[in-house]
1. Can you give the Rg to Rh ratio of the range 42-170, both from alpha-carbon atoms, with Rh computed by the Kirkwood formula?
2. Can you give the charge dipole size of the range 19-157 about its Cα centre, rounded to the nearest 20 debye, using +1 on the beta carbon of Lys and Arg and -1 on the beta carbon of Asp and Glu?
3. Sequence gap at least 6, Cα distance under 8 Å: using those rules, report the relative contact order of the range 32-150 to the nearest whole percent.
4. Take the Cα atoms of the chain, build their convex hull, and give its volume per residue in Å³.
5. Which one, Val170, Val248, Val134, has the greatest fluctuation when you compute a Gaussian network model over the chain with C-alpha springs under 10 angstrom?
6. Using a 1.4 angstrom probe, figure out how much accessible area the chain has per residue, in square angstrom, rounded to the nearest whole.
7. In a Gaussian network model over the chain where Cα atoms closer than 10 Å are linked, find which of Leu13, Leu200, Leu263 has the largest mean-square fluctuation.
8. If a/c stays under 1.5 just call it rounded; otherwise compare a/b with b/c (prolate if a/b is bigger, oblate if not). Do that for the range 154-278, with a ≥ b ≥ c from the square roots of the Cα gyration tensor eigenvalues.
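The values are calculated or read from the model by the stated rules, or taken from the named source; none is laboratory data. Owing to the predicted nature of the structure, the values given are computational and were not obtained by experimental measurement. Using ideal geometry, Cβ is built from the backbone for each residue, glycine included, and neighbour counts are taken over all protein chains shown. Quick note on the areas: whole protein, heavy atoms, side chains included, nothing else; ligands and nucleic acids left out. Shrake-Rupley method; radii C 1.70, N 1.55, O 1.52, S 1.80 Å.
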Amino acid sequence: MTTRVALPSRGRLRDGVLSLLDHAGYPTAAFHGAGSRATLGDTEFIEMRPRDAGAWLATGRITGAFVSTDIVLEEGLERLAAVPLGMARSDLVVASRENDGRSGLADLAGATVATHLPVATGRWFAEAGVEATVVTMGGSLEGVCAAGLADAIVDLRETGSSLARNRLRVLDVITGCEALFVHHPSDALADLTLRIGAVLQARDQRYVMLHLAPDRIDDLTSIFSGLAAPTVLPLAGRGDLVAVHLVVSAPAFWTQLAKLRELGASGIVALSPDALLH
């Protein structure tokens, strides 16, 4: 049986997901945009809007989808497994006009709130004990609030520039959001999740190779331990130096680079690994 996975059909999320899959060894040239399908092995990838993907995932008609946190909240997908992808980060916020005199959520009692996420918005206001009328929108939200049609909006904030252009300000932050791979339990997705995990683990790591005097290895391990321990290899014709290979975090490599030089390390090379599995 073919396993179906939804891909974002456009936008920043699509770009990030395709880059992730490309690094994971998938031929992303097979993906052509909205509505296209590509079968790779036993998995059929279908490109669609993330909101549609969330709805189909909720029905169980697809096995997995690349969506963001707000879609998970809207479709009630919190029970499913989710792999955080560390990209397409934003905040889900409540915003209103900057000159309306409101300063907090309680000031929206009796207000009309426009959103793309009516279920999540209604639930959140109910949990906060604030009665509000929630209006479902399909297009831009900032304009209807700036024009006074809506008293407030619930929307994603990435940089805040769109809110500022429309003279809106944030009253409250509901939650932080990011891209996720959300899926039902399925052995058929084991290879995909393994590959994704390997790429994500490798992102902030560096594979470091260097030459060092053998009697300085213990000093090196006090700075960098590697995954388990550094790999030490002989150098042809050199008894005074060995080759050392180890994996370290990128921030640690840069902050400790001067210490490597102090140890007498030479021939230092740092590469970005494509994948890492502990």
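1. 1.01
2. Charge dipole, the range 19-157, about its Cα centre: 200 debye, nearest 20.
3. Details: 109 pairs, mean separation 20.1, N = 119.
Value for the range 32-150: 17 percent.
4. Numbers: hull volume 50.2 nm³, N = 278.
So the per-residue hull volume is 180 Å³.
5. Between Val170, Val248, Val134, it is Val248 that shows the largest mean-square fluctuation.
6. 50
7. Leu263
8. Because a/c hits 1.5 or more and a/b fails to exceed b/c, the range 154-278 counts as oblate.
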